[in-house]
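Structure first, then comments.
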Ligand SMILES: [Zn+2]
């Protein structure tokens, strides 16, 4: 979508919470005079205002930070379509929850219908500027389509269209791993990092920070489908190929392997617990993941050029024995020996996804119908 410069200024100030005219000049790559004119216009329209003085050593005209007029900012409704429940959280843009709802996924209810009812109730009592949704499975975020969601038996459901038609406000949709990436942006500001999520699939998102433009780019990689096991008895992957990394590392594959090798019906968590307690055969099976996992990380290093890998999923419940060995293998096999890859563990939880959904909503603020309406409204004042 093409944005005019006024919209870009509002975007920058809103996402960064405040900005100086100098930053805006760099961001837009236009003259100082040009920025000044646009800023004046936005101040007159009461969309932004000048707040505290910027601390500076040099003497000169005092500059003030520009901020968004909070009166034009409403709440964001974040939703996570998780595995066993749908979680809804109404938040202000600072991340304070105003209201929260859980909807358990049960066989006999229509998730879509039940979710709509909760949304309707929330909207009837609160001012919401947009809805931001995170979900598992394959998502077309541009069109807002849940392409495949095995848990809900959904195929090509256009959530964006359905909700926008029903509620008249803008809806944005992203997959869970990308939402985790969004949740980490503030903490790892100005850095490039990769999220590596290991659950019932293995997914990755590379987050790159563009210093010049002060912009964040996300690249989703189907890293779980890198061929790894070329042996004759390699397993068939959900993608149809044989021996993908996912066939060795996905949580349910570990459960399957324990069942096949030892006849034991254990959940992934139970297996991890036993490995943590140093029960020999479980530890051995878990340690078998070191090779595929370090391969993925080394691939991400060479092709992705990231300094940090954030690993998410239940695998993070594993204790130090696992991570020490992983770090050792990576260190020994890095192409550039002086380089260090930091490995960070994060839980794959609804809270972290909702936090990401909030940030995703903020990033999409200027693409919303709500934004267009306040722009139009303020033009009248002009
Ligand atoms: Zn595959």
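Values quoted throughout were computed directly from the atomic coordinates according to the rules given, and no laboratory measurement underlies them. Bear in mind that the values here come from a model prediction, so they are computed numbers and not experimental data. Reconstructed Cβ throughout: ideal geometry from the backbone, glycine too, with neighbour counts over all protein chains shown.
Helix 290-299 and the long axis of the chain differ in direction by around 40°, with both axes built from C-alpha atoms.
A full extension of the chain between residue 43 and residue 209 corresponds to an added length of 56.8 nm, given 0.36 nm per residue minus the alpha carbon distance. The orientation-averaged projected area of the convex hull spanned by the Cα atoms of the chain comes to 23.0 nm².
The three principal axes of the Cα atoms in region 3-70 give end-to-end lengths of 35, 27, 21 Å, sorted in falling order.
Across region 154-292, the volume of the C-alpha convex hull divided among the residues equals 180 Å³ per residue. Calculated on the alpha-carbon coordinates, the convex hull of region 116-161 measures out at 84 cubic angstrom per residue.
Please say if region 304-351 is rounded, prolate or oblate, where rounded means a/c under 1.5 for a ≥ b ≥ c the square roots of the C-alpha gyration tensor eigenvalues, and otherwise the choice is prolate for a/b larger than b/c and oblate otherwise? It is oblate, given that a/c is not under 1.5 and a/b is not larger than b/c. Taking each residue as 0.36 nm, the span from residue 335 to residue 351 lengthens on full extension beyond its C-alpha to C-alpha distance by 2.1 nm.
Structural descriptor for the chain: relative contact order 16 percent, calculated from alpha carbon pairs under 8 angstrom and at least 6 residues apart. With the Cα gyration tensor of region 111-215 giving a ≥ b ≥ c as the square roots of its eigenvalues, does the rule (a/c under 1.5 for rounded; else a/b larger than b/c for prolate; else oblate) give rounded, prolate or oblate? Oblate.
GNM on the chain, alpha-carbon springs under 10 angstrom: the most fluctuating residue among 234, 294, 368 is 234.
Between the helical axis of 369-381 and the longest alpha-carbon principal axis of the chain there is an angle of about 10 degrees.
Ranked by how many other Cβ atoms sit within 10 Å of their own Cβ, fewest first, the residues 104, 42 fall in the order 104, 42.
The convex hull drawn around the Cα atoms of region 218-357, when projected onto a plane and averaged over every direction, covers 9.7 nm².
The helix-only estimate of mean residue ellipticity at 222 nm for the chain, built from DSSP H runs of length n ≥ 4 each weighted as -39500 (n - 2.57), is -12000 deg cm²/dmol after division by the residue total. Taking the longest Cα principal axis of the chain as reference, the axis of helix 111-125 is set at about 30 degrees. When the P(r) of region 80-124 is calculated, the portion above 15 Å amounts to 45% of the C-alpha pairs. For residue 51 and residue 25, what does the FRET efficiency come to when R0 = 25 Å and r is the distance between their Cβ atoms, rounded to the nearest 0.05? That pair, residue 51 with residue 25, gives E of 0.85.
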